[in-house]
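Engineer: First, the structure itself, so that you have it in front of you.
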Amino acid sequence: MNIGIVGLGLIGGSLARAIKANTAHTVWGTDLQRPVVYRAKLLEVIDEELTEDRVAGCDVLILALYPRDTVAWVEQHAAVIQKGAVVVDCAGVKQAVCEPCWRAAEQNGFTFIGGHPMEGVAKLGFENSRRDMFVNASLILVPHRDLDIETMKKVKDVFDAIGFTRYEIATPEKHDRIIALTSQLAHVVSSAYVKSPTAREHRGFSAGSFRDMTRVAFLNENMWAELFLLNREDLHREIQGMIGRLQAYDDALTAGDEAQMRVLLREGREIKTELDREDGE
(Lines give C-alpha, C1' and ligand atoms only; values in the text may rest on other atoms or scores of the structure.)
Protein backbone atom coordinates (compact mmCIF):
# COMPACT_ATOMS: atom_id res chain seq x y z
CA MET A 1 0.00 0.00 0.00
CA ASN A 2 0.92 3.65 -0.31
CA ILE A 3 0.74 5.34 3.08
CA GLY A 4 0.90 9.11 3.36
CA ILE A 5 1.87 10.81 6.61
CA VAL A 6 1.08 14.49 7.09
CA GLY A 7 3.20 15.97 9.87
CA LEU A 8 6.61 14.45 10.63
CA GLY A 9 7.08 15.61 14.21
CA LEU A 10 7.48 13.32 17.19
CA ILE A 11 4.34 11.28 16.50
CA GLY A 12 4.28 11.36 12.70
CA GLY A 13 8.02 10.77 12.48
CA SER A 14 7.80 7.78 14.81
CA LEU A 15 4.91 6.32 12.83
CA ALA A 16 6.85 6.72 9.58
CA ARG A 17 9.95 5.08 11.06
CA ALA A 18 7.94 2.13 12.33
CA ILE A 19 6.10 1.56 9.06
CA LYS A 20 9.33 1.70 7.07
CA ALA A 21 11.10 -0.64 9.50
CA ASN A 22 8.34 -3.21 9.84
CA THR A 23 6.42 -3.32 6.55
CA ALA A 24 6.89 -3.28 2.80
CA HIS A 25 4.48 -0.36 2.38
CA THR A 26 5.57 2.74 0.52
CA VAL A 27 5.68 5.76 2.84
CA TRP A 28 5.24 9.31 1.60
CA GLY A 29 5.54 12.14 4.11
CA THR A 30 5.28 15.89 4.38
CA ASP A 31 5.82 18.58 6.99
CA LEU A 32 5.57 22.35 7.12
CA GLN A 33 9.27 22.49 7.96
CA ARG A 34 11.12 21.73 4.73
CA PRO A 35 14.36 20.64 6.47
CA VAL A 36 12.38 17.92 8.25
CA VAL A 37 11.18 16.51 4.93
CA TYR A 38 14.72 16.54 3.53
CA ARG A 39 16.10 14.85 6.61
CA ALA A 40 13.35 12.20 6.64
CA LYS A 41 14.10 11.41 3.00
CA LEU A 42 17.86 11.30 3.61
CA LEU A 43 17.43 8.93 6.56
CA GLU A 44 15.00 6.78 4.52
CA VAL A 45 12.22 7.38 7.04
CA ILE A 46 10.04 8.17 4.01
CA ASP A 47 10.38 6.99 0.43
CA GLU A 48 9.36 10.30 -1.10
CA GLU A 49 7.74 13.57 -0.17
CA LEU A 50 3.95 13.52 -0.01
CA THR A 51 3.29 16.10 -2.70
CA GLU A 52 -0.19 17.32 -3.63
CA ASP A 53 -0.33 15.06 -6.66
CA ARG A 54 0.55 11.99 -4.56
CA VAL A 55 -2.38 12.47 -2.15
CA ALA A 56 -4.72 10.78 -4.62
CA GLY A 57 -2.41 7.76 -4.73
CA CYS A 58 -2.55 7.05 -0.99
CA ASP A 59 -4.46 4.02 0.26
CA VAL A 60 -4.03 5.20 3.84
CA LEU A 61 -3.37 8.72 5.13
CA ILE A 62 -2.23 9.39 8.69
CA LEU A 63 -2.57 12.97 9.91
CA ALA A 64 -0.26 13.90 12.79
CA LEU A 65 -1.43 17.51 13.10
CA TYR A 66 -3.08 19.82 15.60
CA PRO A 67 -6.88 19.39 15.74
CA ARG A 68 -7.86 22.49 13.74
CA ASP A 69 -5.12 21.80 11.18
CA THR A 70 -6.42 18.24 10.84
CA VAL A 71 -9.91 19.42 9.97
CA ALA A 72 -8.57 22.08 7.59
CA TRP A 73 -6.35 19.56 5.79
CA VAL A 74 -9.16 17.05 5.34
CA GLU A 75 -11.59 19.68 4.06
CA GLN A 76 -9.00 21.15 1.68
CA HIS A 77 -8.01 17.75 0.23
CA ALA A 78 -11.33 15.88 0.46
CA ALA A 79 -12.03 16.09 -3.26
CA VAL A 80 -8.69 14.55 -4.25
CA ILE A 81 -8.40 11.80 -1.64
CA GLN A 82 -8.72 8.41 -3.31
CA LYS A 83 -12.19 6.85 -3.23
CA GLY A 84 -12.11 4.06 -0.67
CA ALA A 85 -8.97 5.39 1.04
CA VAL A 86 -8.77 5.49 4.83
CA VAL A 87 -7.75 8.65 6.69
CA VAL A 88 -6.74 8.37 10.36
CA ASP A 89 -5.86 11.33 12.56
CA CYS A 90 -3.73 11.46 15.72
CA ALA A 91 -5.15 14.54 17.44
CA GLY A 92 -5.78 14.58 21.18
CA VAL A 93 -9.46 15.59 21.00
CA LYS A 94 -12.16 13.94 18.94
CA GLN A 95 -15.48 15.81 19.04
CA ALA A 96 -13.96 18.85 17.33
CA VAL A 97 -12.27 16.66 14.71
CA CYS A 98 -14.47 13.68 13.90
CA GLU A 99 -17.78 15.31 13.04
CA PRO A 100 -16.49 17.66 10.30
CA CYS A 101 -14.11 15.01 8.95
CA TRP A 102 -16.85 12.38 8.85
CA ARG A 103 -18.98 14.78 6.82
CA ALA A 104 -16.17 15.41 4.35
CA ALA A 105 -15.50 11.68 4.07
CA GLU A 106 -19.13 10.82 3.42
CA GLN A 107 -19.43 13.49 0.76
CA ASN A 108 -16.27 12.40 -1.05
CA GLY A 109 -16.20 8.62 -0.78
CA PHE A 110 -13.37 7.92 1.65
CA THR A 111 -13.31 6.73 5.26
CA PHE A 112 -12.24 8.83 8.22
CA ILE A 113 -11.37 7.21 11.55
CA GLY A 114 -10.42 9.18 14.62
CA GLY A 115 -7.22 7.94 16.22
CA HIS A 116 -5.20 8.78 19.32
CA PRO A 117 -1.88 6.99 20.00
CA MET A 118 -1.47 6.74 23.76
CA GLU A 119 2.28 7.13 23.91
CA GLY A 120 4.86 9.87 23.76
CA VAL A 121 7.91 11.35 25.43
CA ALA A 122 8.66 14.71 27.02
CA LYS A 123 10.54 15.84 23.93
CA LEU A 124 9.49 17.48 20.70
CA GLY A 125 10.14 17.17 17.01
CA PHE A 126 11.28 14.75 14.34
CA GLU A 127 14.75 14.50 15.87
CA ASN A 128 13.24 12.73 18.89
CA SER A 129 11.05 10.33 16.91
CA ARG A 130 11.74 6.61 17.32
CA ARG A 131 10.65 3.55 15.40
CA ASP A 132 9.90 1.70 18.67
CA MET A 133 7.83 4.54 20.16
CA PHE A 134 4.58 2.57 19.92
CA VAL A 135 5.73 -0.96 20.75
CA ASN A 136 3.08 -2.43 23.11
CA ALA A 137 1.27 0.91 23.17
CA SER A 138 -2.48 1.52 23.21
CA LEU A 139 -4.38 3.17 20.34
CA ILE A 140 -7.82 4.72 20.75
CA LEU A 141 -9.91 4.45 17.59
CA VAL A 142 -13.05 6.49 17.02
CA PRO A 143 -14.83 5.07 13.96
CA HIS A 144 -18.06 6.25 12.43
CA ARG A 145 -20.95 4.06 13.53
CA ASP A 146 -21.38 2.76 9.95
CA LEU A 147 -17.76 1.63 9.49
CA ASP A 148 -17.47 -1.90 8.09
CA ILE A 149 -15.28 -4.52 9.75
CA GLU A 150 -13.10 -5.03 6.66
CA THR A 151 -11.97 -1.42 6.69
CA MET A 152 -11.30 -1.55 10.41
CA LYS A 153 -9.16 -4.66 9.93
CA LYS A 154 -7.19 -2.91 7.18
CA VAL A 155 -6.38 -0.09 9.59
CA LYS A 156 -5.62 -2.46 12.46
CA ASP A 157 -3.14 -4.41 10.31
CA VAL A 158 -1.17 -1.23 9.68
CA PHE A 159 -1.10 -0.26 13.34
CA ASP A 160 -0.30 -3.82 14.44
CA ALA A 161 2.84 -3.63 12.31
CA ILE A 162 3.75 -0.31 13.93
CA GLY A 163 3.73 -2.05 17.31
CA PHE A 164 0.37 -1.26 18.91
CA THR A 165 -1.03 -4.15 20.92
CA ARG A 166 -4.03 -2.63 22.69
CA TYR A 167 -7.02 -1.00 21.03
CA GLU A 168 -9.88 0.92 22.58
CA ILE A 169 -12.97 1.81 20.57
CA ALA A 170 -14.80 4.94 21.70
CA THR A 171 -17.26 7.59 20.65
CA PRO A 172 -15.91 11.15 20.35
CA GLU A 173 -17.78 12.09 23.52
CA LYS A 174 -16.37 9.21 25.57
CA HIS A 175 -12.85 9.84 24.28
CA ASP A 176 -12.88 13.52 25.25
CA ARG A 177 -14.52 12.92 28.63
CA ILE A 178 -11.94 10.34 29.74
CA ILE A 179 -8.90 11.99 28.12
CA ALA A 180 -9.72 15.17 30.07
CA LEU A 181 -8.69 13.21 33.18
CA THR A 182 -6.03 10.79 31.97
CA SER A 183 -4.07 13.27 29.88
CA GLN A 184 -5.22 16.88 29.99
CA LEU A 185 -5.70 17.29 33.75
CA ALA A 186 -2.32 15.62 34.34
CA HIS A 187 -0.65 18.26 32.16
CA VAL A 188 -2.49 21.09 33.91
CA VAL A 189 -1.55 19.80 37.37
CA SER A 190 2.08 19.27 36.38
CA SER A 191 2.28 22.76 34.89
CA ALA A 192 0.81 24.31 38.03
CA TYR A 193 2.92 22.18 40.38
CA VAL A 194 6.26 23.12 38.84
CA LYS A 195 5.44 26.83 39.25
CA SER A 196 5.87 26.63 43.03
CA PRO A 197 8.81 28.88 44.03
CA THR A 198 10.09 25.96 46.12
CA ALA A 199 10.64 23.95 42.93
CA ARG A 200 13.78 25.99 42.26
CA GLU A 201 15.25 24.60 45.48
CA HIS A 202 14.51 20.95 44.70
CA ARG A 203 18.08 19.77 44.01
CA GLY A 204 19.15 17.26 46.61
CA PHE A 205 15.63 17.13 48.04
CA SER A 206 13.80 15.42 45.16
CA ALA A 207 13.59 11.94 43.72
CA GLY A 208 10.96 9.96 41.83
CA SER A 209 7.92 11.81 43.10
CA PHE A 210 9.20 15.19 41.91
CA ARG A 211 10.27 13.79 38.53
CA ASP A 212 6.91 12.08 38.02
CA MET A 213 4.95 15.19 38.95
CA THR A 214 6.96 17.55 36.74
CA ARG A 215 7.59 15.34 33.69
CA VAL A 216 4.64 16.49 31.58
CA ALA A 217 5.09 20.16 32.46
CA PHE A 218 7.50 20.12 29.50
CA LEU A 219 4.97 20.55 26.72
CA ASN A 220 4.16 22.34 23.50
CA GLU A 221 2.02 25.21 24.74
CA ASN A 222 0.57 25.94 21.29
CA MET A 223 -0.79 22.43 20.87
CA TRP A 224 -1.94 21.92 24.45
CA ALA A 225 -3.71 25.28 24.68
CA GLU A 226 -5.68 24.30 21.58
CA LEU A 227 -6.47 20.86 23.00
CA PHE A 228 -7.61 22.30 26.34
CA LEU A 229 -9.90 24.90 24.80
CA LEU A 230 -11.43 22.47 22.31
CA ASN A 231 -12.29 20.22 25.26
CA ARG A 232 -12.96 22.96 27.79
CA GLU A 233 -16.19 21.62 29.28
CA ASP A 234 -14.77 18.20 30.13
CA LEU A 235 -11.47 19.64 31.33
CA HIS A 236 -13.22 22.34 33.39
CA ARG A 237 -15.22 19.65 35.17
CA GLU A 238 -12.06 17.69 36.00
CA ILE A 239 -10.20 20.78 37.24
CA GLN A 240 -13.12 21.74 39.48
CA GLY A 241 -13.24 18.20 40.84
CA MET A 242 -9.51 18.31 41.58
CA ILE A 243 -9.89 21.66 43.36
CA GLY A 244 -12.65 20.20 45.54
CA ARG A 245 -10.63 17.10 46.43
CA LEU A 246 -7.54 19.19 47.27
CA GLN A 247 -9.70 21.41 49.45
CA ALA A 248 -10.59 18.40 51.59
CA TYR A 249 -6.90 17.81 52.35
CA ASP A 250 -6.35 21.48 53.09
CA ASP A 251 -9.35 21.52 55.41
CA ALA A 252 -7.88 18.61 57.37
CA LEU A 253 -4.57 20.46 57.64
CA THR A 254 -6.25 23.69 58.77
CA ALA A 255 -8.24 21.84 61.43
CA GLY A 256 -5.26 19.79 62.56
CA ASP A 257 -7.49 16.73 62.00
CA GLU A 258 -5.08 13.81 61.79
CA ALA A 259 -7.87 11.23 61.76
CA GLN A 260 -9.50 12.85 58.72
CA MET A 261 -6.15 13.11 56.97
CA ARG A 262 -5.65 9.38 57.46
CA VAL A 263 -9.10 8.76 56.00
CA LEU A 264 -8.32 10.84 52.90
CA LEU A 265 -4.96 9.15 52.37
CA ARG A 266 -6.41 5.68 52.92
CA GLU A 267 -9.14 6.37 50.38
CA GLY A 268 -6.52 7.33 47.80
CA ARG A 269 -4.43 4.26 48.52
CA GLU A 270 -7.43 1.94 48.27
CA ILE A 271 -8.56 3.42 44.96
CA LYS A 272 -5.02 3.13 43.56
CA THR A 273 -4.88 -0.52 44.70
CA GLU A 274 -8.22 -1.19 43.02
CA LEU A 275 -7.09 0.43 39.78
CA ASP A 276 -3.84 -1.57 39.78
CA ARG A 277 -5.82 -4.78 40.33
CA GLU A 278 -8.07 -3.97 37.39
CA ASP A 279 -5.01 -3.25 35.24
CA GLY A 280 -3.44 -6.55 36.24
CA GLU A 281 -0.44 -4.99 37.98
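The values are calculated or read from the model by the stated rules, or taken from the named source; none is laboratory data. Nothing here was measured: the structure is a model prediction, and the numbers come from that model. Note: ideal-geometry Cβ built from the backbone for every residue, glycine included; neighbour counts use all protein chains shown. Heads up: the accessible areas ignore ligands, DNA and RNA and are worked out on the full protein's heavy atoms, side chains in. Shrake-Rupley method; radii C 1.70, N 1.55, O 1.52, S 1.80 Å.
Engineer: Among 83/174; 41/94; 123/195; 83/123; 20/156; 20/153, which pairs are too far apart, with a Cα-Cα distance over 26 Å?
Structural biologist: 83/174; 41/94; 83/123
Engineer: Quick one: Debye curve from the alpha-carbon atoms of the chain only, equal weights, vacuum; give me log10 I(q)/I(0) at q = 0.15, 0.16 Å⁻¹ to two decimals.
Structural biologist: Here log10 of I(q) over I(0) equals -1.17, -1.29.
Engineer: What does the helix-only formula give at 222 nm for the chain: each DSSP H stretch with n ≥ 4 adding -39500 (n - 2.57), the total divided by the residues, and the result rounded to the nearest 500 deg cm²/dmol?
Structural biologist: Helix-only estimate at 222 nm: -15500 deg cm²/dmol.
Engineer: Stick to Cα atoms and the Kirkwood definition of Rh, then tell me Rg/Rh for the stretch 1-154.
Structural biologist: Looking at the stretch 1-154, the ratio lands at 0.93.
Engineer: Just report the Cα centroid separation between the stretch 66-131 and the stretch 159-209, whole Å.
Structural biologist: A separation of 22 Å, based on Cα centres.
Engineer: Further question: Once both axes come from the Cα atoms, what is the angle between helix 258-279 and the longest principal axis of the chain, in degrees from 0 to 90, rounded to 10?
Structural biologist: Between helix and principal axis, roughly 30 degrees.
Engineer: Next question, about the same structure. Distance between Cα centroids, the stretch 238-252 to the stretch 15-54: provide it in whole Å.
Structural biologist: So the two Cα centres are separated by 47 Å.
Engineer: Now for a different question. Given a 10 angstrom Cα cut-off, can you work out which residue in 257, 31, 89 is the most mobile in a GNM of the chain?
Structural biologist: In the Gaussian network model the winner is 257.
Engineer: Within the P(r) computed for the stretch 137-281, what percentage of the Cα pairs occupies the region above 23 Å?
Structural biologist: Cα-Cα pairs of the stretch 137-281 separated by over 23 Å account for 57 percent.
Engineer: If you don't mind, there's one more thing I want to ask. Gaussian network model of the chain, Cα springs within a sub-10 Å range: biggest mean-square fluctuation belongs to which of 153, 83, 174?
Structural biologist: Most flexible of the set in this elastic network: 153.
Engineer: Hey, what D do you get for the stretch 79-204 in µm²/s if you plug the Kirkwood alpha-carbon radius into Stokes-Einstein at 37 °C and 0.692 mPa s?
Structural biologist: D, rounded to a whole number, is 197 µm²/s.
Engineer: What angle do you read, to the nearest 10 degrees and between 0 and 90, between the alpha-carbon axis of helix 149-162 and the longest principal axis of the chain?
Structural biologist: Between the helix axis and the principal axis of the chain, the angle is about 70 degrees.
Engineer: Follow-up question, since we're still on this one. Given the chain, what percent of its DSSP beta bridges are antiparallel, to the nearest 5?
Structural biologist: Taking every DSSP beta bridge within the chain, about 20 percent pair in antiparallel fashion.
Engineer: State in Å² the accessible area per residue of the stretch 129-257; use a 1.4 Å probe, count heavy atoms of protein chains only, and round to the nearest integer.
Structural biologist: Averaged over the residues of the stretch 129-257, the accessible area is 64 Å².
Engineer: How much length would be gained if the chain were fully extended between residue 225 and residue 248, taking 0.36 nm per residue of separation minus their Cα-Cα distance, in nm to one decimal?
Structural biologist: 5.4 nm
Engineer: Right, something else. Peptides 163-169, 69-75: what's the order by average Cβ count within 10 Å, highest mean first?
Structural biologist: Top of the packing list down: 69-75, 163-169.
Engineer: Helix 67-77 against the longest principal axis of the chain: what's the angle in degrees, Cα atoms only, rounded to the nearest 10?
Structural biologist: 10 degrees
Engineer: Using the scaling law 2.2 N^0.38 Å as the reference, what is the normalised Cα Rg of the stretch 24-104?
Structural biologist: Rounded to two decimals, the normalised Rg is 1.11.
Engineer: Given a 1.4 angstrom probe, I'd like the percentage of the accessible area of the chain that is carbon and sulfur, rounded to a whole number.
Structural biologist: 52 percent
Engineer: Under a 10 Å cutoff between Cα atoms, tell me which one of 240, 95, 82 has the largest fluctuation in the Gaussian network model of the chain.
Structural biologist: So, out of 240, 95, 82, the one fluctuating most is 240.
Engineer: Checking the cross-link filter: which aspartates and glutamates have an alpha carbon closer than 13 Å to that of residue 154, excluding same-chain neighbours under 8 positions apart?
Structural biologist: Straight-line reach from residue 154, under 13 Å: 59.
Engineer: How many percent of the alpha carbon pairs in the stretch 162-247 exceed a separation of 21 Å?
Structural biologist: Pairs farther apart than 21 Å: 43 percent.
Engineer: Which percentage, to the nearest 5, of the DSSP beta bridges contained in the stretch 13-156 is antiparallel?
Structural biologist: Bridges in the stretch 13-156 are about 35 percent antiparallel.
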